[in-house]
Amino acid sequence: MSRSLLLLLGLGLTAPVFAQTKPATTPNPLILQMVQQVSEKNLRDDVDKLVSFGTRHTLSDTKSKKRGIGAARNWVESEFRKYSKASGGRLKVEQDTFTVKPDGRRINAPVLMANVMATLPGTDPTDTRVFVVSGHIDSRVSDVMNATADAPGANDDASGTVAVMELARVMSQQQFPATIIFVAVQGEEQGLYGSTHMAKRAKKEGWNLVAMLNNDIIGNSTGHDPTIKNTTQLRVLSEGIPANETPEQARMRRTLSSENDSPSRLLARYTREATKQYVPGHEVVLVYRPDRFLRGGDHTPFNQQGFTAVRFTEVNEDFRHQHQDLRTEDGEEYGDLAKFMDFAYLRQNTGVNLATLASLALAPAAPRNVGVLTAKLTNRTELQWEAPAAGEKPAGYYVLMRPTNASEWEQKFFVTDLKADLPFNKDNFLFGVVSVDAEGHESLPVMPVPVR
């Protein structure tokens with residue numbers, strides 16, 4: 001029994017009545033197995049291969065088979081096709097091409113770009129949910145318009161790209177009710193072009209895109225100025241106020257003071273919990289910013305289109321090895337080379353992605369129309385909701401709770417009904433509701449809105 005419930009009983013208050021048969025609380029052996037299958041050697045070999053293309057600048061050669069962005073895209077596609085063959089053809093592979101016109105800034109001529117995508121369709125035809133995980137394949141040096149100089153881009157962002165590839169390799173061997181898209185996007189360094197194209201496509205085509213994980217600069221554990229090594233933590237950055245917030249949503253946010261409970265913040269907390277369960281010794285650090293200070297990434301266009309998206313980035317960036325010409329100055333070596341990476345750390349960060357994606361894709365869809373009843377003045381909290389419209393029927397629901405000044409959920413209560421009556425004051429606590437299956441896989445939380 002929780003400490004809060006014991007306190008309530010000690011005060012003579014009535015404890016809520018909940019279902020006695022709870023879902024599993026131990027880690028899923030299949031997810032643990034998949035995390036263990038992530039190969040440090042594969043990650044290293046794949047980074048070396050991407051670096052071998054010399055430059056992957058968005059404006060670089062597309063005809064050569066050995067150098068430039070075209071060769072790199074084709075190689076990633078060929079690797080995805082190998083994974084597809086090993087999966088019995090279930091992994092669908094394509095290059096989604098699009099043309100970008102000169103922008104007067106970082107695109108000086110029309111350029112044909114391509115996102116390399118591998119889609120693992122869900123096995124439940126009634127489950128329309130889609131999850132996306134990305135890294136960006138392009139690279140650059142000091143001059144963002146220099147498309148010919150060697151730009152190895154080992155950590156920025158071969159690290160994210162190979163993590164996505166390794167996820168596709170491992171996860172395509174399993175089945176999930178929902179769809180997962182693994183994608184290496186192009187054009188990040190020139191202005192987030194590939195992710196913008198994909199986010200707009202998802203919006204136009206009406207994808208039921210539940211969550212997007214962006215991996216950018218996730219393979220180095222040692223920072224510079226000062227020199228700090230951190231092999232056990234990964235940052236997750238998330239927006240607070242949704243980028244496409246409507247006036248009505250803004251009014252509700254101000255009424256509820258829910259700026260720290262945006263969908264992306266809820267996803268960020270979810271990644272932290274999945275990491276605790278499936279990647280022992282590793283920790284996701286919640287950073288309450290849309291991205292690093294005054295910077296952006298490939299999750300941003302998804303946020304702008306109204307999708308739930310976060311960014312993973314290493315804790316200690318080393319700016320000697322980002323966006324730098326290859327050179328040595330005053331005894332310091334500059335350039336984004338693989339020798340400056342920590343592949344054991346990259347393996348752990350890839351495991352964070354896998355644990356999050358697998359947990360989400362195996363879980364039932366989230367509950368709908370979650371509300372907190374306000375018709376009666378009471379110190380209790382009454383919640384109600386509807387079951388997911390499609391997909392697997394949940395085994396039940398968890399009501400999550402935390403004090404208003406707490407960053408993370410502190411308690412959960414299991415119910416099998418579509419309502420809960422809690423002896424906790426809604427003035428003092430925040431609540432969320434998740435769907436859960438018998439194996440303990442939880443959906444993303446849904447925050448209640450006032451209903452009478």
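The values are calculated or read from the model by the stated rules, or taken from the named source; none is laboratory data. Please read these numbers as outputs of a predicted model, since none were measured by experiment. With ideal geometry, Cβ positions are generated from the backbone for all residues, glycine too; neighbour counts draw on all protein chains shown. Please note that ligands, DNA and RNA were not included when accessible areas were found on the heavy atoms of the full protein model with its side chains. Shrake-Rupley method; radii C 1.70, N 1.55, O 1.52, S 1.80 Å.
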Item to check | Out of 190, 186, sole residue that is among the polar types (S, T, N, Q), closer than 27 Å to residue 50 by Cα, in contact (Cβ under 8 Å) with a residue 12 or more places away in the chain and touching a Phe, Trp or Tyr at 6+ places or on another chain (Cβ under 8 Å) | outcome: 186
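How many residues, within the range 205-221, are over 16 Å from residue 309 (Cα atoms), buried (at least 18 other Cβ atoms within 10 Å of the Cβ) and either modelled with pLDDT under 95 or not β-branched (Val, Ile, Thr) (or both)?
3
Looking for whichever is under 30 Å from residue 343 (Cβ atoms) and open to solvent by 10 Å² or more (accessible area, probe 1.4 Å) here; the options are 190, 249, 233, 186. Which one fits?
Numbers: 190 fails: open to solvent by 10 Å² or more (accessible area, probe 1.4 Å); 249 fails: under 30 Å from residue 343 (Cβ atoms); 186 fails: open to solvent by 10 Å² or more (accessible area, probe 1.4 Å).
Answer to the check: 233.
On the given criteria, is residue 349 open to solvent by less than 40 Å² (accessible area, probe 1.4 Å) and in a loop (DSSP other than H, G, I, E, B)? Break it down stepwise before answering.
Numbers: open to solvent by less than 40 Å² (accessible area, probe 1.4 Å): yes; in a loop (DSSP other than H, G, I, E, B): no.
Spelling it out, it is not the case that residue 349 is open to solvent by less than 40 Å² (accessible area, probe 1.4 Å) and in a loop (DSSP other than H, G, I, E, B).
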Next on the checklist: Looking at the range 74-88 only, could you name the residues that are farther than 14 Å from residue 120 by Cα and open to solvent by 20 Å² or more (accessible area, probe 1.4 Å)?
Outcome noted: 74, 75, 77, 78, 79
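Being within 20 Å of residue 263 (Cβ to Cβ), at pLDDT 95 or above and of a type in the set (A, V, I, L, M, F, W, C) is the requirement here; does residue 372 meet it? Outline the logic, then answer.
Numbers: within 20 Å of residue 263 (Cβ to Cβ): yes; at pLDDT 95 or above: yes; of a type in the set (A, V, I, L, M, F, W, C): yes.
Yes, satisfied.
What is the residue count in the range 171-218 for residues that are closer than 17 Å to residue 57 by Cα, touching a His at 6+ places or on another chain (Cβ under 6 Å) and of a type outside the set (Asp, Glu)?
Taking the range 171-218 first, the residues closer than 17 Å to residue 57 by Cα are 184-195, 216-217.
Then drop every residue that is not touching a His at 6+ places or on another chain (Cβ under 6 Å), which leaves 185, 188.
Narrowing the set further to residues that are of a type outside the set (Asp, Glu) leaves 185.
Residues meeting the conditions: 1.
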Checklist outcome for this item: residue 179 meets each of (1) under 16 Å from the mean Cα position of the chain (by Cα); (2) of a type in the set (S, T, N, Q); (3) crowded, with 24+ Cβ neighbours inside 10 Å with one exception, condition (3)
Checklist outcome for this item: Of the conditions (1) at positive phi; (2) within 27 Å of the chain's Cα centre (by Cα); (3) open to solvent by 10 Å² or more (accessible area, probe 1.4 Å), the single one that residue 153 does not satisfy is (3)
Checklist entry - On the given criteria, is residue 332 within 16 Å of residue 227 (Cβ to Cβ), surrounded by 23 or more Cβ atoms within 10 Å (Cβ to Cβ) and not β-branched (Val, Ile, Thr)? => result no
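Residue-wise test of (1) in contact (Cβ under 8 Å) with a residue 40 or more places away in the chain; (2) over 27 Å from residue 274 (Cα atoms); (3) in contact with a strand residue (DSSP E or B) (Cβ under 9 Å, 6 or more places away or on another chain).
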{"residue": "371", "(1), (2), (3)": "yes, no, yes"}
{"residue": "375", "(1), (2), (3)": "yes, yes, yes"}
{"residue": "397", "(1), (2), (3)": "no, no, yes"}
{"residue": "402", "(1), (2), (3)": "no, no, yes"}
{"residue": "409", "(1), (2), (3)": "yes, no, yes"}
{"residue": "413", "(1), (2), (3)": "yes, no, yes"}
{"residue": "436", "(1), (2), (3)": "yes, no, yes"}
Item to check | Pair list, Cβ < 7 Å and 6+ apart or interchain, from the range 197-226 residues that are closer than 20 Å to residue 341 by Cβ to residues that are open to solvent by 10 Å² or more (accessible area, probe 1.4 Å) and in a strand (DSSP E or B) | outcome: 221/229; 222/229
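Would you mind listing the helices (runs of 4 or more DSSP H) fully within the range 119-217 where at least 2 residues are over 30 Å from residue 439 (Cβ atoms) and among the basic types (Lys, Arg)? Give the derivation first.
Details: elements: 159-171, 188-191, 193-204.
In the range 119-217, 193-204 are the helices (runs of 4 or more DSSP H) which contain 2 or more residues that are over 30 Å from residue 439 (Cβ atoms) and among the basic types (Lys, Arg).
Tell me the strands (runs of 3 or more DSSP E) entirely within the range 256-330 that contain at least 2 residues that are free of Cβ contacts under 8 Å to residues at least 60 places away in the same chain.
Working: elements: 283-287, 309-314, 327-329.
Per the criteria, 283-287, 327-329.
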Checklist entry - Can you find even one residue in the range 76-89 that is of a type in the set (S, T, N, Q) and under 19 Å from residue 159 (Cα atoms)? => result yes
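Go through the residues of the range 90-97 one by one and say whether even a single one is more than 30 Å from residue 364 (Cβ to Cβ) and open to solvent by 10 Å² or more (accessible area, probe 1.4 Å).
Here is the first cut: in the range 90-97, the ones more than 30 Å from residue 364 (Cβ to Cβ) are 95, 97.
Going one step further and asking which of them are open to solvent by 10 Å² or more (accessible area, probe 1.4 Å), we end up with 95, 97.
Yes, the conditions are met somewhere in the range 90-97.
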